[in-house]
Amino acid sequence: MKTNVNLRPYNSFGFSAVAKYFIEINDIQQLEELIQNDIFKNEKHLILSGGNNVLFQNDFFDGLVVYINTRGIETIQDNDNEVIVRAQAGEDWPDFVRYTVENGWHGLENLANIPGKVGAAPVQNIGAYGMELKDNFLKCETIETATGGKRVFSKTECRFGYRESVFKKELKGHYIITSVDFKLKKNASLHLEYGNIKTYLEQNGIENPTLLQLHDAICAIRDAKLPDVKRIGSAGSFFKNPVIERMQFEALQKNYPNLPHYDEPNGKVKVPAGWLIEHCGPTTGSDTPSWKGWRDEHVGVYEKQALVLVHYGKGKGHDIAKLAERIQASVKAKFDINISPEVVYI
Ligand code: EPU
């Protein structure tokens, strides 16, 4: 265990925050021992995986940061049609997805290149290009922080929702995910319906994409829209896409006929927060104020995707929190819609 560790390399926003205590976990036994340790028992603790979805608001974390870096991928079951594959929590998500695709296993390809680690993926039920983690999730193994006991969570027990799970809500902080099992198919049709996948494939002369070609196409589409966190700090989408009542949507559509929307099973309508943020902005005297591409010294709104807040270096987490509040107020004032962060504030 180390003391006074700067967490800058451990959060994709790249904010400096010093942790009072810090430990890197490389195997489960080490984690089991840690749970019996007095520092773990007495101090506030934060389980950190890739740090791709957190915002450190303060310069100091007064507690223990547990960085999960356990590795390993194994095939648990394999038959003609399906495979069950288990990845340890510290495995890199993009590498794991690529490994499954290279083996010809279907199910995770649309989730290609989402920065982060396997253990964090169920926490917010990561999703992209028409698919979510829950679609192929089987179960995950965890350790209870209070007792050190092992517990397996089935898909139902995880209570997945849009960027939500039991680990982000009711059981927040109570369990540490140590490995995740996925059930993947050896033959399946590809999901090409979302957004610009088809356009991208057409433009690149690909008629019937293979699994690997789809994977690579998704990587290219993402790279074109989202910042490379090695160069510009970000946490991907900062806000969730809001779901509104149909009546409100129909009223809005009269004024904004181009407002994109997706029907929800419950009759409500999901609208893209990125569009809302692009179509309102700070008062600058411009006829069409927009947050997209807006920058205030060290932080701003990414110029290619308004849902992504960015840190250009030298800023503080607090600056992003303040910007997020301004954006929320602006969206509320113009569209009467509340948008809430997807990112977890620490
Ligand atoms: N849009 C705008 N302006 C913008 C951004 C988006 O008008 O600045 C419009 C687009 O034209 C499109 C719609 O909004 O009509 C949706 O945009 P996009 O396909 O880029 O997706 P998103 O809803 O903004 C979500 C996920 C992303 C995921 C993409 C692709 C959330 C919160 N975000 O973004 O996930 O990669 O779909 O599936 O659901 C993440 O969670 O960190 C993340 C990057």
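The values are calculated or read from the model by the stated rules, or taken from the named source; none is laboratory data. For clarity, every value in this text was computed on a predicted model and none was experimentally measured. Note that we place each Cβ from the backbone using ideal geometry, even for glycine, and neighbour counts take in every protein chain shown. Protein only, heavy atoms only, side chains kept; ligands, DNA and RNA dropped before computing areas. Shrake-Rupley method; radii C 1.70, N 1.55, O 1.52, S 1.80 Å.
Key figures
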read-out: Top of 64, 31, 259 by mean-square fluctuation, Gaussian network on the chain, Cα under 10 Å; value: 259
read-out: Extension reserve of the residue 296-residue 152 stretch, reckoned as 0.36 nm per residue once the Cα distance is removed; value: 47.3 nm
read-out: Separation of the residue 261 and residue 84 label points, Cα + 7 Å toward Cβ, nm; value: 4.3
read-out: Sorted peptide list for 270-279, 148-157, 46-55, criterion being average Cβ within 10 angstrom, highest first; value: 46-55, 270-279, 148-157
read-out: FRET E, pair residue 3, residue 228, Förster distance 25 Å, beta-carbon r, rounded to 0.05; value: 0.20
read-out: Paired Rg and Dmax values of the range 1-135, which use every Cα atom, in angstrom; value: 16.7, 53
read-out: Rounded percent of accessible protein surface that carbon and sulfur make up, the range 2-68, 1.4 Å probe; value: 44
read-out: Accessible surface, per residue, of the chain when the full set of protein chains is kept, probe 1.4 Å, Å²; value: 48
read-out: Using a Förster distance of 22 Å, the FRET efficiency for residue 144-residue 16 (Cβ separation, nearest 0.05); value: 0.10
read-out: Inter-probe distance in nm under a simple model that places probes 7 Å from Cα toward Cβ, at residue 250 and residue 345; value: 3.6
read-out: Alpha-carbon centroid distance for the pair the range 173-222 / the range 46-62, whole angstrom; value: 29
read-out: As computed over the chain, the Cα convex hull volume per residue (Å³); value: 144
read-out: Whole-number Å³ per residue for the convex hull built on Cα positions in the range 2-68; value: 75
read-out: Estimated [θ] at 222 nm from DSSP helical runs (n ≥ 4, -39500 (n - 2.57)) normalised by residues in the chain, nearest 500; value: -7000 deg cm²/dmol
read-out: Computed log₁₀ I(q)/I(0) - Debye formula, equal Cα scatterers, no solvent, the range 73-185, q 0.11, 0.12, 0.18 Å⁻¹; value: -0.32, -0.38, -0.85
